[in-house]
Amino acid sequence: MTTQRPGGPKAPTQVQHVRRALLQGYSAHVYDDDLKGYDQAGREQRLLSRGLAAAAVRVVSGCDHRTAGKAVIDGEDDQGIDAVWVSDTSQTVWLVQAKWSDSGRAKMDKSEALKFIDGFRLIDQRDFTRFNERLAPLAGQLDAAMGDARLQVVLVIAVMGDGLLSDAVEDVLERARADLSSGWGPMLSYRILSLPDFHRQIRHDLSPEELKIGTRMTRWIRKEAPFDAWQGTVAVKEVAEWYAQHGSALFEQNVRNSLGLTRINSGIKQTLLTEPENFWYFNNGITVLCDKVEPQFEGRRRPDEAVNLQLSGVSVVNGAQTVTAIHEAMQEDPKSVEDADVTVRVFSLGAERSLYAKRITETTNTQNDVSRRDFIALDSAQAEIREDFLLSLGKSYVYKRGELDPAPEAGCSVVHAAIALACAHRSPELAVRASQDTDLLWDRGTAGAYPRLFGEVPSAQRIWRLVLMHRAVGAVLIDLRRDLHGRGADISRRGELLITHLVFQFLDEDEIDDPSVDWDSTLERASDLVQRILMWLIFHVDQEYGEGSFLTSTFNDEVRCKNLAKLVLADVRRDGTIPVLPDSYTPPAKRSRKLRRPNAVVTIVNSGRLRDGHPVTFQPKGEVEIKAVDSWLKEDPQRSMATWINDRRKCLLWAYDGQTYSATGLVNKIWEFAGYEKSPVAVQGPARWFVNDQTSLWDLSLEILNQEAEEAASD
């Protein structure tokens, strides 16, 4: 018997539609080697569950069927997680649990919800070895993402049913979300995808609707050749309405969708909320492609009178971040935002769309990052510090965005200085903010960090000595992590700035400012202190908040960190017996699985082998790839050129567009621009970027690892 869903077709009919689409779209892309022992019916049910998990990845990411299928890890040792998707740029991780039902009545029960949370807990602790081998290709991305203080984790519950959760399941999810929340906002959320969501997706796949929007433009100019084009000012409240009506479908022809919660979006949104009258000046605007424009003039056809434009076949090809941030700001405070304006360009391409669309999308696709840090360049204190660095120390100090950081021995940037000063503050709260997001250090509000760090201009000597100590603490922690495993190693990573803060509490303030003090000796004495602080910190984190507690929420919480700082300082000062760590916190003698090599980029950054600004060159691999990209690369030599940046996520500054990318992300960008349609899904990016004619980033990382292994063996 079928049941009628309110406002829609019969549920079993929708289920059959989704069933057919899942089997056709994902059977060739999800792992099925472990299903050979099942009969046809049993195998099909498991394929449908995996297909549903892949479809959920497509809903949240917008990727293609093949990529979504490769994100599925369902099977033995999946730890309650059926699919994993990591955004390379938005600091967001989606974890999927899927429930299929032929009747359209699938639900999640409490035990499944608990297992889901336990699986996430393992990922939060970076214990990837407990998962099956299908997680292995994602381990490097997960490791980088889980270490990002701005991380957002979304638990996706994908059910072939109505999507209603029981009170028991909702309680499990809410308790986990609350546990991972911090004073700066929730780091964990959950999203339910149900039968209507998947049915809507397959209908869109088959027949995407033509987008139509209307907008009122003032102060406009028009150009009619080689195609009809308009540029003018549009109220942001209208742009917010575009997104409210059409969502991410607006960005269909963009090279990427909105990137989620990023520094770019945060800067745009903050400017809208705090300075709406200046938003038009600070933002690069929005570029829209369409098939047709129908203008309706309110008065005379003059630029000083408004025109209403009806657009058909719309796609926002530049400004996805701006559109999304406008929508979010309007939701948060519509009264503050409604009077703001933004520049909009409209290109009506019609029959010429195939000729011009890609070129316009490629050349306009740069993002406008309105950052609070930009404004510190106007602070005379920063120029004063730079002069002091040069005259007192003979070293460089850079404070404008876009300037390359000096080599470690030659000086530092304002970011390094702010982090060190935050750690040296008498209270750990500023170190907590720096750990979560360095952008928080530029806040000038009543409780802002910037005036507390730079209000009374610190001397170059003070900044430099604090920076050196912060670097020394980091180097000691890298060495200590070799003898740690799992949660113990993760605490040493996430707690680095809190540990640096605690080390600073043992320094003599007068010594920091006394030029006659031998600072090198002070740095050498820090090694033993760092070890004692780390051991006591691990002990008190587990004692106070439990061995299963989420470390992200602990080290992003100012109250918890203040409590931990007080406890650790007391124990280190009384010089008590250092606590013994649990066996699970030290590396086991043997492992059932071979450990993956560390991420190549992280290995190079940690070693300090490459200086910022070192030239790096792209070299395609294999005959097929060379044939696909060679002609595009030769059109402009800068397309093959980048410079190295010591950043664990975005390590390459592309000479072609001046933007930063991960090694793999930039390879994919080059493939996309070159029209390499049959490119592989997975790519080892570091193996294609060369620091000289013979050595790739991957080769260099192996060289570093081998050297470290030899040194460890000789100790």
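The values are calculated or read from the model by the stated rules, or taken from the named source; none is laboratory data. What you see is a predicted model; the values in this text were computed from it and never measured. We place every Cβ from the backbone using ideal geometry, glycine too, and count neighbours over all the protein chains shown. Only protein heavy atoms, including side chains, enter the accessible area calculation; ligands, DNA and RNA are left aside. Shrake-Rupley method; radii C 1.70, N 1.55, O 1.52, S 1.80 Å.
Worth a mention:
- Condition check for E456 on (1) in a loop (DSSP other than H, G, I, E, B); (2) buried (at least 21 other Cβ atoms within 10 Å of the Cβ); (3) among the acidic types (D, E): one failure, at (2).
- Taking residues in segment 407-420 that are within 12 Å of W442 (Cα to Cα), and partners anywhere that are in a strand (DSSP E or B) and open to solvent by 10 Å² or more (accessible area, probe 1.4 Å), the pairs with Cβ atoms closer than 9 Å and at least 6 places apart or on different chains are V414/V398.
- Restricting attention to segment 11-44, the residues that are closer than 26 Å to H204 by Cβ and outside any loop (DSSP other than H, G, I, E, B) add up to 17.
- Lone qualifier among V323, V307 - being touching a Leu at 6+ places or on another chain (Cβ under 9 Å), open to solvent by less than 70 Å² (accessible area, probe 1.4 Å) and modelled with pLDDT of 85 or more: V323
- Considering residues of segment 482-502 that are in a helix (DSSP H, G or I) and in contact with a Pro (Cβ under 7 Å, 6 or more places away or on another chain) only, the residue farthest from P579 (Cα to Cα): H501
- Every condition in (1) surrounded by fewer than 16 Cβ atoms within 10 Å (Cβ to Cβ); (2) touching a residue at least 12 places away in the same chain (Cβ under 8 Å); (3) over 30 Å from H29 (Cα atoms); (4) out of contact with any Phe, Trp or Tyr (no Cβ under 9 Å at 6 or more places or on another chain) holds for T695 except the one numbered (2).
- Residues of segment 434-447 classified as in contact (Cβ under 8 Å) with a residue 60 or more places away in the chain and buried (at least 16 other Cβ atoms within 10 Å of the Cβ), total: 8
- Strands (runs of 3 or more DSSP E) completely within segment 69-165 that count 1 or more residues being in contact with a strand residue (DSSP E or B) (Cβ under 8 Å, 6 or more places away or on another chain), of a type in the set (F, W, Y) and closer than 22 Å to Y31 by Cβ: 83-86, 92-99
- Subset of segment 217-227 [among the basic types (K, R) and open to solvent by 100 Å² or more (accessible area, probe 1.4 Å)]: R219, K223
- Subset of segment 22-43 (residues that are touching a residue at least 12 places away in the same chain (Cβ under 8 Å) and surrounded by fewer than 12 Cβ atoms within 10 Å (Cβ to Cβ)): A28
- Residues in segment 533-551 that are within 24 Å of L188 (Cβ to Cβ), part of a helix (DSSP H, G or I) and not β-branched (V, I, T): 7 in all.
- Segment 133-164, subset among the charged types (D, E, K, R) and under 20 Å from D437 (Cα atoms), residue least open to solvent (accessible area, probe 1.4 Å): D148
- Residue count for segment 667-694 under the criterion of being within 19 Å of S631 (Cβ to Cβ) and either touching a Cys at 6+ places or on another chain (Cβ under 9 Å) or of a type in the set (G, A, S) (or both): the result is 3.
- Top-ranked residue in segment 113-132 [being open to solvent by 40 Å² or more (accessible area, probe 1.4 Å) and touching a residue at least 40 places away in the same chain (Cβ under 8 Å); ranked as farthest from G548 (Cα to Cα)]: T129
- Matching residues, segment 620-644, being open to solvent by less than 40 Å² (accessible area, probe 1.4 Å) and among the hydrophobic types (A, V, I, L, M, F, W, C): A628, V629, W632, L633, A642, W644
- Looking only at segment 376-422, and only at residues there that are of a type outside the set (G, A, S), open to solvent by 60 Å² or more (accessible area, probe 1.4 Å) and part of a loop (DSSP other than H, G, I, E, B), the one that is modelled with the highest pLDDT: E409
- Test: R525 is under 30 Å from L151 (Cβ atoms), charged (D, E, K, R) and open to solvent by 30 Å² or more (accessible area, probe 1.4 Å): no
- Test: residue in segment 135-153 that is among the polar types (S, T, N, Q), closer than 24 Å to L35 by Cβ and without any contact (Cβ under 8 Å) to a residue 60 or more places away in the chain: no
- Residue in segment 466-477 that is open to solvent by less than 20 Å² (accessible area, probe 1.4 Å) and not hydrophobic (A, V, I, L, M, F, W, C) present: yes
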